[in-house]
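The values are calculated or read from the model by the stated rules, or taken from the named source; none is laboratory data. Values in this document were obtained by computation on a predicted structure and should not be read as measured data. Cβ sites come from the backbone with ideal geometry, for glycine too, and all protein chains shown count toward neighbours. Quick note on the areas: whole protein, heavy atoms, side chains included, nothing else; ligands and nucleic acids left out. Shrake-Rupley method; radii C 1.70, N 1.55, O 1.52, S 1.80 Å.
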Amino acid sequence: MIYNNVQKEIAHKIEKEPQVSNWKDWKWQIKHSIKSLEKFEYLTDIKFDKEERKNLEKTFEKFPLSITPYYLSVIDKKNYKNDPVFKQAFGGIEELTTLESEHADPLSEDKDSPVEGITHRYPDRVLFHVSNICSMYCRHCTRKRKVGDIDFVPSKDQLSAGIEYIKNTPQVRDVLLSGGDPLMLPDDKLDWLLSEISQIPHVELIRIGTRMPVVLPYRITDNLISILKKYHPLWINTHFNHPNEITASAKESLAKLADGGFPLGNQSVLLADVNDCPRIMKSLLHKLVQNRVRPYYLYQCDLSEGLSHFRTPIGKGIEIMESLIGHTSGFARPTYVIDAPGGGGKIPVMPNYIISWSTNKVVLRNYEGVITTYKEPDSYEPKMCDRDCGNCDLDLNLSEIDESESIGIEKLLSDSCDTISLVPEDNERLQRRDENE
Ligand SMILES: *Cc1c(COP(=O)(O)O)cnc(C)c1O
Ligand code: SF4
């Protein structure tokens, strides 16, 4: 793996006689993570004045600082104030501003938590928080309230509650390991955890969400790959936000993962002054697909405390999607989502492509602005569905057909249910009706 001059300089400052092998040792990187202002100044030669230091100390008291020497080496020291890596890693006094619309737990992950560590929001999949720590504390982290709070990797006992919950909840077919960063767990504990989960008969696949390829690519060791490989199908999602993060070391870690057969995805967060530009975003996405990573989500920045300086209008995200759809490979574009405050889950948003409709024609526009029509079929025999697949003409003979009741908007569309509207629980008009009855 690459060990460049900037990295050499940092390593020499950390240790008088550094070994190249130390730099690439992920545990060495964590041990020497930059957690104080003094160390940051010493390693980068960046100096802050008295006022700045006071503000920064105050910020780090609330939201701790932690940067791996590797990620530090990606910062352009000469132009650090505009550097996208610096902005994600270092932070400032802006983080102490809390708006009324911001919350410590904007997604209500704690409220949707049946047992410690599990967020069960969607019917068939759960989020399992298996570690509270990360190798680098992102300043834009949604889970700032948790990450770095107390550095801890849960014990087997603590993880067991989550495993038991999954065992006892047969509708869970997809388990998403998250955190913190799941790859902060030592190899043997990860091996144990994956083996426990993969033995549960109804779990069809496991996913890991990790920022290691971005902030500590040396974590992707041969030993780690050989452990993970035992648990296919295992999907891995990482979190690159800017093309500068795709370094030689990052590429090497991605190649190892792709060669290990893990389908790779990427989740970016749209961040003001970091990647809120169609050109930067396109460059990132192109680099990702070159490294066999499929862009998955682009997140609107959450309403977490202290993130207001990172937030963009939603229009910025739509503008970015407009510049991608049609303009570049379909598989190079993520789905832009807003994670609904209060726990509603991810809501996809994009520009509108349907301009108008009649009973037999749809008017659409394409990415070039060409307006076109699609002629619908003159006749179409609707298939009424009562969700009784045994008696259906389609006779698909699917063995594991899902005949469960539909929910939400799907339910409004279904033939098997006579619900005609979804009404808020406290609707005044209907309350009046009840009173009048
Ligand atoms: C994002 C998320 C998931 C996974 O959602 P996908 O759209 O399937 O990637 C599951 N649970 C929670 C709580 C989530 O936030
Ligand atoms: S890697 Fe993820 S969980 Fe960890 S600090 Fe960054 S955004 Fe938060």
Any idea what angle helix 5-14 forms with the longest principal axis of the chain, computed on alpha-carbon atoms, 0 to 90 degrees, nearest 10? 70 degrees
Extend 7 Å from the Cα of residue 273 along its Cα-to-C-beta direction; within segment 88-116, residues with backbone N under 14 Å of that point are 88-97
Candidates 302, 25, 388: whichever shows maximal mean-square fluctuation once the chain is modelled as a Gaussian network with Cα springs under 10 Å: 388
For segment 118-348, evaluate the Debye formula with one uniform point scatterer on each Cα (no solvent term) and list log10 I(q)/I(0) at q = 0.10, 0.12, 0.13, 0.14 Å⁻¹, rounded to two decimals. -0.45, -0.67, -0.79, -0.93
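Can you give the helix-only mean residue ellipticity at 222 nm for the chain, where every DSSP H stretch with n ≥ 4 adds -39500 (n - 2.57) and the sum goes over all residues, rounded to the nearest 500 deg cm²/dmol? Display every interim value, and only then the final one.
Details: 16 runs with 138 residues, N = 437.
For the chain, the value works out to -9000 deg cm²/dmol.
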Taking a crude spin-label model, label points 7 Å out from Cα along the C-beta direction, the residue 4 to residue 431 distance in nm is 6.2 nm
In debye, nearest 20: dipole of the chain around its Cα centre with unit charges on the Cβ of K, R (+) and D, E (-)? 2280 debye
Please express the Cα-Cα pair-distance distribution P(r) of the chain as a list of whole percents, one per 10 Å bin, running from 0 to the bin with the greatest distance. 4, 17, 27, 26, 15, 7, 3, 1, 0
Taking the chain as a Gaussian network, where each spring joins two C-alpha atoms under 10 Å apart, which residue of 129, 202, 239 fluctuates the most? 202
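How high is the relative contact order of the chain, given as a whole-number percent (alpha carbon pairs under 8 Å, six or more residues apart)?
On the way: 686 pairs, mean separation 52.0, N = 437.
Answer for the chain is 12 percent.
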Solvent-accessible area per residue for segment 118-348 (1.4 angstrom probe, square angstrom): 37 Å²
Solvent-accessible area, 1.4 Å probe, carbon plus sulfur percent, for the chain: 51 percent
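For residue 359 and residue 378, calculate 0.36 nm times their separation in residues minus their Cα-Cα distance, and state this gained length in nm to one decimal. Kindly include the intermediate steps, with their values, before the conclusion.
Numbers: separation 19, 0.36 × 19 = 6.84 nm, distance 0.95 nm.
Separation in residues times 0.36 nm, less the Cα-Cα distance, equals 5.9 nm.
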Roughly what would the spin-label model give for residue 388 and residue 221, points 7 Å off Cα along C-beta, in nm? 6.0 nm
Give the residue from 79, 34, 126 lying farthest towards the positive end of the charge dipole for the chain; charges sit on Cβ (+1 for Lys and Arg, -1 for Asp and Glu) and the dipole is referred to the Cα centre. 79
Among the GluC sites (Glu not before Pro) in segment 95-184, which ones are in a DSSP loop with at most 14 other Cβ atoms within 10 Å of the Cβ? Mind listing them? 100, 116
Taking the full set of protein chains and a 1.4 angstrom probe, give the accessible area of residue 277 in square angstrom, rounded to the nearest 10. 40 Å²
Spatially near lysine pairs across segment 118-348, Cα under 18 Å, sequence gap of 8 or more or different chains: 11
